[in-house]
Amino acid sequence: MTFVRRFDHVGITVADLDAVTAFFVGLGLEADPKMAVEGEFLDTVIGMTGARTEIVMLRPPGGGTTLELSSFTRPDHLPGSPAAPANELGLRNVAFEVQDLHAAVDHAAADGYRLVGGIAEYEGVWRMAYLRGPEGIIVSLAERTGE
């Protein structure tokens, strides 16, 4: 039996919801309005009492799998590992296909975000780079170069 019907979203908990949202909007994602979630539903799902979070859903142009950014106002967030290397266990990157990898990297660099390593090509099909985004989020950017 197959239980999964589709890939819906990836959620990332952040401290500065506005700054992280702006970063992803700058890459070309479209943001839904910010919303607050609290009450029995949230408390039950996350296993905490009295929790409150603000959420922004981001989607690529034309639709598709979304990125959920969440910032807790109750309880306060716990620190993460903003300098985690690519081989640390856990969710390590969020990946997007882009139209112009060099332009996307330059745009992010203008806002102070840097590459984790360098830009590399894979078998003449993809050009790819890891970018260290806000709060240490590793963002994989890939540009199709051939078929």
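At a glance:
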{"item": "Tally, over the range 108-147, of residues that are assigned to a helix (DSSP H, G or I), surrounded by 15 or more Cβ atoms within 10 Å (Cβ to Cβ) and not aliphatic (A, V, I, L, M)", "result": "2"}
{"item": "Test: residue in the range 1-20 that is loosely packed, with under 12 Cβ neighbours inside 10 Å and polar (S, T, N, Q)", "result": "yes"}
{"item": "Residue 51 vs. criteria surrounded by 14 or more Cβ atoms within 10 Å (Cβ to Cβ) and touching a residue at least 40 places away in the same chain (Cβ under 8 Å)", "result": "no"}
{"item": "Answer residue from the range 28-48, given it is open to solvent by 50 Å² or more (accessible area, probe 1.4 Å), in contact (Cβ under 8 Å) with a residue 24 or more places away in the chain and not in a strand (DSSP E or B) and is nearest to residue 101 (Cα to Cα) among those", "result": "32"}
{"item": "Candidate set from the range 54-87 (those that are loosely packed, with under 10 Cβ neighbours inside 10 Å and touching a helix residue (DSSP H, G or I) at 6+ places or on another chain (Cβ under 8 Å)); member that is nearest to residue 98 (Cα to Cα)", "result": "83"}
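The values are calculated or read from the model by the stated rules, or taken from the named source; none is laboratory data. Just so it is clear, the structure is predicted and the values come from calculations on it, not from any experiment. Note: ideal-geometry Cβ built from the backbone for every residue, glycine included; neighbour counts use all protein chains shown. When the accessible area is computed, the model is the full protein with side chains, heavy atoms only, and any ligands, DNA or RNA have been set aside. Shrake-Rupley method; radii C 1.70, N 1.55, O 1.52, S 1.80 Å.
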